[in-house]
Each structure stands twice: as structure tokens, then as C-alpha cells.
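Here the structure comes first, spelled out in C-alpha cells, and everything after it is commentary.
The values are calculated or read from the model by the stated rules, or taken from the named source; none is laboratory data. Predicted, not measured: the structure shown is a model, and the values here were computed from it. Here the Cβ is made from the backbone with ideal geometry for all residues, glycine too, and neighbour counts use every protein chain on show.
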Amino acid sequence: MRRNQGRGSGPERSVRRVDFHDSGGEPSREATGPVGRSNAELAGQLAGRSAAIRTDGISGTILAVPNVELGAVAYDHQLDAAEEAQQRLLILLDLENTGDEPLRWNPNRTRFLGTDDYTYQPSSLSLDPDRFGPGCHTRSVTIEPGRRARVVTLIEELPAGVEIETVVHRLRRGRIEVTLA
């Protein structure tokens, strides 16, 4: 397991994990999330905003859109002490390739439409995959036919009071657009 190195000669930070891998596609009720909350609590943050994804080649669910501390999910070397406590939205998706060909999911092809009518992108900060459980992908992933993947994407900083209302992802053949109810 790759460990995050802390800055300077201070004590090494512990790696907190988010384990969204369990049977049945629902968030695990016992696992701990990125800021010490259970996955049930993280999923509860999506209450009233859940959305299913279904196209000819992919189906899935947006599991959660929690507001997380950057220090809990990003590589330490990217953040200074003040940035570690800053909060950003994170989107957790459970995807299944229902098509006949491998499907490439690239988080850089995802856009987020805000309640202020502006478009936002994934954050330029890289998520530390060691902070999440096995099977959670923080970068691009190829999903084979009949297989599933959990995808985690950090959203760039949003202005105060702005929420994400639509997620748009461009695929090789078409696009997915999901409105959070």
C-alpha cells in the first residue's frame, strides 16, 4: 500500500479510507467515509438528489455528493496547511458496463452544471486512491462488458451557495446527462 508522506519532519498522517465496495451496489453501512462519517451518512447527504444512470451501454447510480475536507481525500503534497481544511464536493458513482465493448470512463470528460447556470469541471487536485477502498477509481478506468466500477471525482471549488444540479459525461459514442432531483 502506498502511503502519503506528510510535509516536513512532523508525524506521518494516517491514511483514512472510504470503502464503498460491498455486495448489492448500495453504500456499506459500516464503512467510514472521507471525513469520518459512515457511508450511510454520506449517502444520506444525497437524499432527494439521487439519480440513476441508464443508457444503451452503461447503467449506474450516483451514490453520494458529499462535501469533504481536501486533506481527507487529496495527496498531501498538493495542499498547504490552510487548504487541508477547505471543503469541496465529491461525486461517487457506481457504474456497470451493459454494452458489448469495453467502456473507458475518464473523469476529465465530466462536467458539472451548477444552480447558477455555470459549468464546472473536475478539480485539478488529484485524489489519493489509498484514501478509498478497493475498486474505487480516482482516475480513468476501463470497464469490461458486464463488469462494474466505482468512480470518485472531486469537483472544482464552487462559489458560495452554488450546488450541482446536473452531471454531464461525454463517452466515445454519445453522452450521459444526469439531473440530480
Query raised in the report: So which of E83, E96, E177 is modelled with pLDDT under 95, closer than 17 Å to V73 by Cα and acidic (D, E)?
Result: E83
Report summary line: Given (1) over 15 Å from the mean Cα position of the chain (by Cα); (2) modelled with pLDDT under 50; (3) aliphatic (A, V, I, L, M), L46 misses just (1)
**Report entry** Selection count, segment 52-78, where residues are of a type in the set (V, I, T), in a loop (DSSP other than H, G, I, E, B) and surrounded by 20 or more Cβ atoms within 10 Å (Cβ to Cβ)
**Finding:** 1
**Report entry** Selection from segment 85-109 of residues that are touching a residue at least 24 places away in the same chain (Cβ under 8 Å) and more than 21 Å from I164 (Cβ to Cβ)
**Finding:** E96, N97, T98, G99, D100, E101, P102, L103, R104
